[in-house]
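The values are calculated or read from the model by the stated rules, or taken from the named source; none is laboratory data. What you are looking at is a predicted structure, and each value in this text was computed from that prediction instead of being measured. Heads up, the Cβs are rebuilt from the backbone with ideal geometry, glycines too, and the neighbour counts pull from every protein chain shown. Surface areas here come from the heavy atoms of the whole protein model, side chains and all, with no ligands, DNA or RNA. Shrake-Rupley method; radii C 1.70, N 1.55, O 1.52, S 1.80 Å.
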Amino acid sequence: MDAQGKPLLWIGSSLDDLREFPEDVKRVMGFALRRAQDGCKHINAKPLKGFGGAGVLEIVENDDGNTYRGVYTVKFAGVVYVLHAFQKKSTKGICTPKREIDLVKDRLKRAEEHYADWCKERGGSRE
């Protein structure tokens with residue numbers, strides 16, 4: 001891997017949504033994504049339930065009584081896709097709301113499609 005690490009690609013509105021987070025939260029999320037680009041895992045990155053393993057990860061960060069989440073995937077060789085960034089609004093439990101899970105599933109499909117095209121452009125290599 002080169003000094004730049006894996007490319008970081010944003011699906012949907014995830015970049016714009018992350019930009020709306022408080023500065024301290026953006027720093028934590030940015031550091032976690034940088035670790036993923038380097039092939040490592042941030043200490044607070046956890047597999048997102050319902051996605052069968054550690055291919056889809058979530059970072060949860062609290063700030064001023066609010067909870068923010070960033071979801072990304074490392075399941076594709078050579079690239080990190082940021083799938084979603086949102087503020088958790090529910091005050092009940094720690095579960096991710098169904099509408100957010102559905103959005104992540106949709107964006108994961110979009111990432112899979114993009115990855116297939118990206119690999120073709122690079123000469124068919126998925127390494």
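Looking only at strands (runs of 3 or more DSSP E) that fall completely inside the range 17-119, which ones have 2 or more residues that are aliphatic (A, V, I, L, M)?
Result: 56-63, 80-88.
What number of residues within the range 69-87 are open to solvent by 20 Å² or more (accessible area, probe 1.4 Å) and touching a strand residue (DSSP E or B) at 6+ places or on another chain (Cβ under 8 Å)?
3
Of all residues in the range 1-12 being in contact (Cβ under 8 Å) with a residue 40 or more places away in the chain and assigned to a loop (DSSP other than H, G, I, E, B), which is surrounded by the fewest Cβ atoms within 10 Å (Cβ to Cβ)?
The extreme case among them is PRO7.
Select from the range 14-32 the residues that are touching a residue at least 24 places away in the same chain (Cβ under 8 Å) and closer than 21 Å to LYS109 by Cβ and list them in ascending order.
Residues satisfying the conditions are SER14, LEU15, ASP17, LEU18.
Looking at ASP24, is it within 13 Å of LEU83 (Cα to Cα), modelled with pLDDT of 95 or more and loosely packed, with under 14 Cβ neighbours inside 10 Å?
When the stated conditions are applied, ASP24 does not pass them.
On the given criteria, is VAL56 crowded, with 18+ Cβ neighbours inside 10 Å and closer than 22 Å to LYS109 by Cβ?
So VAL56 fits the description; yes.
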